[in-house]
Amino acid sequence: MTNQYVYAFSEGSAEMRSTLGGKGANLAEMTAIGLRVPPGFTISTQSCIRYQQERALWPELLEDVQHAIGEVERELNKGFGNKQSPLLVSVRSGAVISMPGMMDTILNLGLTDETVIGLRETTQDARFAYDSYRRFIQMFADVALGVPRVRFELELERLKEREGVEADTEISAEGLRGLIDTYKTIVEEEYGSPFPQDPTTQLHQAIEAVFRSWDNPRARVYRDLNGIDHNLGTAVTVQSMVFGNKGPTSGTGVAFTRDPSTGKAALFGEFLLNAQGEDVVAGIRTPKPIAELANSMPEVHREFVETAALLEQHYRDMQDIEFTIEDGTLYFLQTRSGKRTAMAAVRVAVDLVNEGMITRNEALKRVEPAHIDQLLHPTFNPDALAKATVLASGLPASPGAATGGAFFSAAAVLEANERGEKAILVRAETSPEDIEGMVAAQGVLTARGGMTSHAAVVARGMGTCCVAGCADIHVDEVAKTFTINGKTFGEGTKISLDGSTGKVYAGLVETKLPELGDSFDILMGWADEARRLGVRANADNPVDAERAVAFGAEGIGLCRTEHMFFEENRIAAVRRMILAGSAEERTAALAELLPHQRSDFVGIFEAMGGRPVTIRLLDPPLHEFLPHGESEIADLASSMGIDVSVLETRIRQLEEFNPMLGHRGCRLAVTHPAIYRMQVRAILEAAVQVVASGHAVDPEIMIPLVTSETELAWVKEEIADEIALVFAELETTIPVKIGTMIETPRAAITAKAIAHEAEFFSFGTNDLTQMTFGFSRDDSGPFISAYLDEGILDISPFESIDQTGVGELVRTAVADGRETNPDIKLGICGEHGGDPASITFFNTIGLDYVSCSPWRVCVARLAAAQATLN
Ligand code: PEP
Ligand code: MG
């Protein structure tokens, strides 16, 4: 171990983080690149550890500090304690791993009764000088001498009262001068000796205080919480203060090397002459665009432009730079990667590749998948959002920003649209009949339901903004009102939904739609080259299928056929089929549905142009299709030619206590094989028709909710029989695969056997999560929120795959399935297929593809690329 305790900025580099702390290493790096950083030095983290043992500063350290201060004095031509040209420094903590706000900082150290006069003269600003001094006394006394801060704050309040002002900035210079005397008296009373007037004594006491702050209770708790080693210690960085308020050739500003909102490659920033950093932030004076610096100080401007370019080259990213000009000399206070919008993130990443600064793979890692999500959906104007009133909060079920009047039924939404009004569908929960309203609405708000509830799944599939499970809201669909905290709102009340945060706002908050631009397509092309995982889409109709292809999907991983039954002209036949009194009646209702199904599949096959299409046979909990309310039941009874009471009895017989674990999925095929036979016929007739018209098809028939090999074999036999019949009738054949969903824990555990009967597995992680946790997909919202609040869960398992539990089932089923059938195709089609963290996991365990809503296909392409690159 070396016994060097103190490192000048010019002696370090970014690699020396463990010795210099994050801040010290960063300043050293900036100095090494040749930036003019206000000079200073860093005391090593190892010194902090030694201090913890000895509880005093040792002579070699004090000598080194003395020497380092001397260097700074020479470089700046200022002196510690010098009346005319005082050197002032900041003393800051700097941990190896950032611990924001946990340790202490002291600014303007070196101010004394004498040097404050020097500061007043050089800045020609008495108010500023006295304010800096009184702040320093307060900070130093609090941190280094342990004087309670409240005593100073009380005096400050009293002074403001005496002067009749509200803000600190309005206090007079004379008032501040008097306050300094009062502060010094407080120090003497509380600390027992006078406020130190020797800058070197101040510095030693400040260094000790920062070392001690490593061990203060809040820092200890923070380290425990974040798993940070207590033996790392903090570095102490001592840096000269520079002043931008020393006259017309001084100033301060902030600049980005590119436009952080659009990504355009041009310097973007602001500055103020004769001002301190606080003046820029406070907004009292309006800063000028950075280009105007060329008028007032052309040399400084040129230096700034050159250095900005140098910094980008060095850090190979857009930088956010803070600078100060003191007497015509430009100093760099900080540089870091600049925060940017989604649009800028994509453009900057692609431009940096084109400029030869980074590789394509680096560019792919620079863009967050969430950025892509934002780009595809409208967002709120951030300024407007900041001013908006939050009415309630629910689950962020489908991203986007929606504004409009609140309407409580699909019909009311459609009527509002006809009147030219934007509408938001507000429901206790949505059901199949709401589908048209959901299509027509700007957004959907439900009081009940979770992240995989009907509303959430359908809204995500359509790319419609949705806030689900908003328990703060009580919806009365009959009275056409919703109530929040006892306040009731009527039909047409203007609201705004943020589907990315789950917040509901009062009124119409302004929205904007980002433009995609060429960079987006370029980046997506690179993602496709980099990724191993295939990306498919969940789509149930030709429009979604086309959209999926446009977003780059390589096939359909899940076509939920029950959604095809929801449409206006079909739901009656579906209900007649479910509630039929005899096999003949059921056959007749199915015959009505067949042409509809066939034409759906024709449209989808055509849209997919020969790409694989996985069609899942019917899987509804039957109750989703049952008619509600007297008039629906009466209409249905009359269309079936039966008595209402007879129909009501049949409905009651189908009602289930626990529909999600009831009569659904392939169980339906065991009790009513004709349904799956009709669907298989529709699929194959459609496929043959599309092939006859000269297009390719690649159909995959998927059986849902399977629990055993025997069950799958039974259903497959029915299907195979129908396939043979259709091919015989049409006198042709086409290749068709038959596979299954793995979405019950038993199926996952017995995957080795099930794979004998399946050409592919598609993991239904929505149901698999529901059944593995025993958490209802539709009812778990409220307690999952509590689990998140209490830290029992980090994230809802319906949002991001639970890798240790549900994920483990998937992992073993993947391995077991491949053992039986090495050629088996393996995908996932639950909502997790669009979640970046889950995609990384699925990549690791060797799935072949993920399938997600068309709107998340681009997110998945990027996340899949990142999964491969990492
Ligand atoms: C699933 O369970 O993950 C799945 C994709 O099927 P559904 O959401 O339709 O139940
Ligand atoms: Mg399922």
- Message: Within segment 335-353, does at least one residue satisfy the condition of being more than 17 Å from the chain's Cα centre (by Cα), in the same structural domain as residue 266 (by TED's automatic domain parsing) and buried (at least 22 other Cβ atoms within 10 Å of the Cβ)?
- Response: yes
- Query: What number of residues in segment 818-864 are open to solvent by 20 Å² or more (accessible area, probe 1.4 Å) and assigned to a strand (DSSP E or B)?
  - Reply: 1
- Query: Among the candidates 669, 686, which residue alone is in a helix (DSSP H, G or I) and within 16 Å of ligand 2 (Cβ to nearest atom)?
  - Reply: 669
- Query: Which number in (1) among the polar types (S, T, N, Q); (2) closer than 27 Å to residue 554 by Cα; (3) without any contact (Cβ under 8 Å) to a residue 40 or more places away in the chain marks the one condition that residue 658 misses?
  - Reply: (2)
- Of all residues in segment 739-775, which are under 38 Å from the mean Cα position of the chain (by Cα) and open to solvent by 20 Å² or more (accessible area, probe 1.4 Å)? 745, 746, 749, 750, 752, 759, 771, 772, 773, 774, 775
- Query: What helices (runs of 4 or more DSSP H) completely inside segment 10-95 contain at least 3 residues that are open to solvent by 30 Å² or more (accessible area, probe 1.4 Å), over 19 Å from residue 214 (Cα atoms) and in contact with a strand residue (DSSP E or B) (Cβ under 8 Å, 6 or more places away or on another chain)?
  - Reply: 59-76
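Go through segment 633-661 and give me each residue that's hydrophobic (A, V, I, L, M, F, W, C) and assigned to a loop (DSSP other than H, G, I, E, B).
642, 657
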- Filter result for the condition that a residue is aliphatic (A, V, I, L, M) and open to solvent by 10 Å² or more (accessible area, probe 1.4 Å), over 553, 591, 548: 591
- Which one of 307, 329 is among the hydroxyl-bearing types (Ser, Thr, Tyr) and buried (at least 19 other Cβ atoms within 10 Å of the Cβ)? 307
- Item | Hits in segment 379-405 - residues which are assigned to a strand (DSSP E or B) and surrounded by fewer than 19 Cβ atoms within 10 Å (Cβ to Cβ) | 390, 393
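Which of the following residues is open to solvent by 10 Å² or more (accessible area, probe 1.4 Å) and within 30 Å of residue 375 (Cβ to Cβ): 563, 596? Break it down into steps so the answer makes sense when it comes.
Details: 596 fails: within 30 Å of residue 375 (Cβ to Cβ).
After applying the criteria, what remains is 563.
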- Would a scan of segment 470-491 turn up a residue that is open to solvent by 10 Å² or more (accessible area, probe 1.4 Å) and within 16 Å of ligand 1 (Cβ to nearest atom)? no
- Item | Any pair with Cβ under 7 angstrom, 6 or more apart, that starts in segment 726-753 at a residue that is under 10 Å from residue 708 (Cα atoms) and free of Cβ contacts under 8 Å to residues at least 40 places away in the same chain and ends at one that is open to solvent by 10 Å² or more (accessible area, probe 1.4 Å) and in a helix (DSSP H, G or I) | 744/771
- Just checking, how many residues over segment 146-181 are under 28 Å from residue 201 (Cβ atoms), assigned to a loop (DSSP other than H, G, I, E, B) and open to solvent by less than 20 Å² (accessible area, probe 1.4 Å)? 1
- Within segment 606-631, the residues that are away from ligand 2 (no atom under 16 Å from the Cβ), of a type outside the set (A, V, I, L, M) and either part of a loop (DSSP other than H, G, I, E, B) or modelled with pLDDT of 90 or more (or both) are 606, 609, 610, 611, 612, 627, 628, 630, 631
- Query: Just one of 835, 794 is over 17 Å from residue 555 (Cα atoms), charged (D, E, K, R) and within 16 Å of ligand 1 (Cβ to nearest atom); which is it?
  - Reply: 835
- Would you mind finding the one in 528, 498, 544, 521 that is without any contact (Cβ under 8 Å) to a residue 12 or more places away in the chain and either outside the structural domain of residue 408 (by TED's automatic domain parsing) or farther than 22 Å from residue 409 by Cβ (or both)? 521
- Are any residues in segment 219-242 open to solvent by 50 Å² or more (accessible area, probe 1.4 Å) and part of a helix (DSSP H, G or I), and if so, which ones? 220, 221, 222, 224, 225, 226
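The values are calculated or read from the model by the stated rules, or taken from the named source; none is laboratory data. The structure displayed is predicted, hence computed values, not measured ones. A quick note on method: Cβ atoms are made from the backbone with ideal geometry, for glycine too, and the neighbour counts reach across all protein chains shown. The accessibility values were calculated without ligands, DNA or RNA, using every heavy atom of the protein model including side chains. Shrake-Rupley method; radii C 1.70, N 1.55, O 1.52, S 1.80 Å.
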